[in-house]
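Novice: First the structure, which I've put down as structure tokens, then a few questions once you've had a look.
Values in this text are rule-based calculations from the coordinates and carry no lab data. Since this is a predicted model, take the numbers as computed values, not measurements.
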Amino acid sequence: MMASLGGGARPCPPAHETYSLWITVRGPDSRLPASPLPESPSTSCASPSSASSPFFPSRAVEDLAACLGTPRFLPHITLLGGGLQHLSLEQISSIIRGVVAGEAHTHSPCAVKQKTGTRPFYVRVQEVTSGPTPYQCIFARIRQPGEAPSPHASAVASQTGHAAQAGHDLHDDPESLFALNNALRVALYDAFGVPYKGDNDVYMPHVSLVYANQEDLSLQKRQAIAEFLNKTHRHPHESRKHAGSSRDLDLALLEKLEATREKFGKHVRGTFISVESIEIVETALADCSQAHKWKILESIPLHK
């Protein structure tokens, strides 16, 4: 039980594995993708285009990797990182199940108490942007609590009626995402007196679209690509005209990007992501080129 793993418990000796907790991006009620990914991409494994759907185009990561020659990886939102090397896989799984079930961590000085379990919910992409690190190169940032919805999200808003007819009541709930992140951080780090060291000082949920080192994709180029993916222009010449001259991309690359975007369904900004489970993933973080080797070890469903 979780109480036996509370704040008074001593953590296990450091594990050799490095773990992360993910929300794996997939369509509602869809199966988890196979992991690790094969060494070479297979067209038979590609997800269908989601151009007619208000949901995040999960194949975008694979298509952009093929377009740019960058590492392949499973699309996901990191719910909690830091390595979790002070706990065994069995402990991590047990604690997550307790948090999802709504158990109170009464032994922790930072007790998190929930009256009910965590139910599935949706989050929504606020914008596509870029950053300086390999793992936050080009990414789709998730809307945060209290943040006004993106004014450009209307590009997919008209599709939510179709989704509602299919049984999906679409509204994003970033508050639930941040509450879940906090509850897991308290239960898995604070309760053991282990400081949490994540990638960001403040939780910034996102779905990475491209991994790359700066020598492979410069800051200038990744910013220009992010701006391109954040827009909804239909023609490469129009996109080129709107790009800032200091960050301009050559027309050949813009044409490749436009063809790639046609494959995965045009829109990223404003799309929805279904949060139905938490995945425990073995992640060796030494080099982003090895991201295709990351392996989902366990999937813990939220309470329906």
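Novice: Treating cross-link reach as a plain straight distance, find the aspartates and glutamates whose alpha-carbon is under 14 Å from the alpha-carbon of Lys263, omitting any fewer than eight places away in the same chain.
Specialist: Candidates past the 8-residue exclusion: Glu62, Asp63, Glu255.
Novice: What is the gain in length, in nm to one decimal, between Ser289 and Arg119 on full extension, counting 0.36 nm per residue of separation less the C-alpha to C-alpha distance?
Specialist: Stretched fully, the Ser289-Arg119 segment lengthens by 57.7 nm.
Novice: Then there's this: Starting from the Cα-Cα distance between Ala252 and Lys197, subtract it from 0.36 nm times their residue separation and give me the gain in nm to one decimal.
Specialist: Full extension of this stretch gives 15.7 nm more.
Novice: Work out how much length Lys231 to Arg97 would gain on full extension: take 0.36 nm times their residue separation and subtract the Cα-Cα distance, in nm to one decimal.
Specialist: 44.3 nm
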